[in-house]
Amino acid sequence: MSVAGSVSMLLVHCRRRPLRTAPCIRSYGSCPPWHGRSCAVPASASRARAGSLCTIRALSAGLAPFLILAPYLLSHTSHLPALCSDTKLRSRPARRRLCEAAQTQVPLHTSKCSTQRAIVPESRSHAAIAILVQNSAHSTYGRDSRSTLERCLKKLYTNYVHAPAADVLLFHNGDFEPSDQNAVRRSGQRPRLFFELLAGALWRTPTHLFEHEKELRAAGFSLGYRHMIRWWARIVFERLHVLGYTWVMRLDDDSFIHSRIEYNIFDYMANRGFQYGFRLMSCEPIKHGSYYRLLQHYALANNLTDNWLASHCAQSTVAHFGAPSCGHAVRGVYNNFFVANVSLWMTPKVQAFLDFVDDAGVIYLYNWNDILWHTAIIKLFTPRISVHHFRDFTYEHVTLKPPAFKRIVWGKV
């Protein structure tokens, strides 16, 4: 069946819909409770009233599981993404994104979803070392990303003794040709190094922000930078869960492990009951107090009082969680290196929280980065005893200022 034939079976219903992002989330009517008194509507929000969001209603029950987004449907000529067969996973948008992330292709006429969770060879490891990579000058900082990647991998394989036992996944946007990939693999000398393409649901603006991408591109950091924040905040875990991995370690292409690690980091975490590990602390400045109010509102509304969210504040209760008690910088984990149990991110409570963050749109409006969300998740949803601070190896992640790349913009060793 052709795409045209499939489209003829659909009713595309366009309805008027206001921008569903902070500071004016539709479900709150005007200003969300966490935003405080200074609720200034961005210019894009006023224009959003004239925008429309198309939703698809399937007239064919057989095609219904596959019809996720009209743009995604119309951009493919012979295939549609398969959704998971589990009805619980299909019940909410976040679960649909998880299934989209599988990138499993099925013919248009297929009426059943794929029941296969892992779409990678069984020979792959249960643990992944994930790195976002570029094969050119960095889109934000201008550095030569390919050369820093080579140095990162050399340090990894030299100093982390058990690196060959884990899968090293290099996620890219399509700028690594087969010859480039073979060169990075050292012509087979790195057999467990895989390239994974970031496409579709893995690297895009949340659905309710599609029509506002033009305004978002003009505000602060690039749209790709904000995709990166969302990737490390949630999507990477959903993707790795689909691929069948249980543990993930993050490195950046300019992250370097400078000293020997003789033990298996993933086994070390699992055997001691740790859910999350980090190497360096972070003190992340925020421009206004809405981040505090957002977390405070969510914690109180969902009765999340048994946590250590405000442990570093003068008054260590959620009721007093804010800048006056906690300061104007968030103390947390420097998550450019982290080790995490993928299942932690897939729990219903964490997924519900990430849905809330996505709906608020604050990653894209305010560039609130993944440091903030990892810190919030481990403090809200895990006991402190399950979080491990690595102190027995030397790690570097430093951003240098162009054009000379000799001055440190920020970073830690």
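For Tyr263 and His320 in one chain, what is 0.36 nm times their gap in residues minus the Cα-Cα distance, to one decimal in nm? Walk me through the intermediate numbers first.
Numbers: separation 57, 0.36 × 57 = 20.52 nm, distance 4.13 nm.
Once the chain is fully extended between Tyr263 and His320, it gains 16.4 nm.
Using a ≥ b ≥ c from the Cα gyration tensor of the range 140-182 (square roots of the eigenvalues), is it rounded, prolate or oblate, where a/c under 1.5 gives rounded and otherwise the larger of a/b and b/c decides, a/b for prolate?
oblate
Using protein chains only and a probe of 1.4 angstrom, how many square angstrom of Phe195 are accessible, to the nearest 10?
30 Å²
Pull out a ≥ b ≥ c, the square roots of the eigenvalues of the alpha-carbon gyration tensor of the range 308-392, then state rounded if a/c is under 1.5, prolate if not and a/b is larger than b/c, and oblate in the remaining case.
Rounded, because the longest to shortest axis ratio a/c is under 1.5.
Along Cα→Cβ, 7 Å out, is where each label goes; now give me the distance between the ones at Asn182 and His312 in nm to one decimal.
4.8 nm
Farthest toward the dipole's positive end in the range 159-257, which of Ser255, Val184, Tyr160, given Cβ charges of +1 (Lys, Arg) and -1 (Asp, Glu) about the Cα centre?
Tyr160
For a quick check of understanding: with a 1.4 angstrom probe and all protein chains in place, what accessible area in square angstrom does Val161 have, to the nearest ten?
It works out to around 60 Å².
Sort Lys155, Lys349, Lys379 from largest to smallest accessible area, using a 1.4 Å probe on the heavy atoms of the protein chains.
These residues rank, largest area first, as Lys349, Lys155, Lys379.
For Arg384, tell me the accessible area in Å² from a 1.4 Å probe, rounded to the nearest 10.
The value for Arg384 is about 140 Å².
Length gain on complete extension for the stretch Arg190 to Arg384, per 0.36 nm per residue less the alpha carbon to alpha carbon distance? Numbers along the way, then the final one.
Values: separation 194, 0.36 × 194 = 69.84 nm, distance 3.64 nm.
Taking Arg190 through Arg384 to full extension adds about 66.2 nm, to one decimal.
Just grab the label-to-label distance for Asn367 and Asp175, each label 7 Å out from Cα along the Cβ direction, in nm (one decimal).
Placing both labels 7 Å along Cα→Cβ, they lie 1.9 nm apart.
The values are calculated or read from the model by the stated rules, or taken from the named source; none is laboratory data. Keep in mind that this is a model prediction, so the values were computed, not measured. Note that each Cβ is placed from the backbone with ideal geometry, even for glycine, and that neighbours are counted across all protein chains shown. Heavy atoms of the whole protein, side chains included, go into the accessibility calculation; ligands, DNA and RNA do not. Shrake-Rupley method; radii C 1.70, N 1.55, O 1.52, S 1.80 Å.
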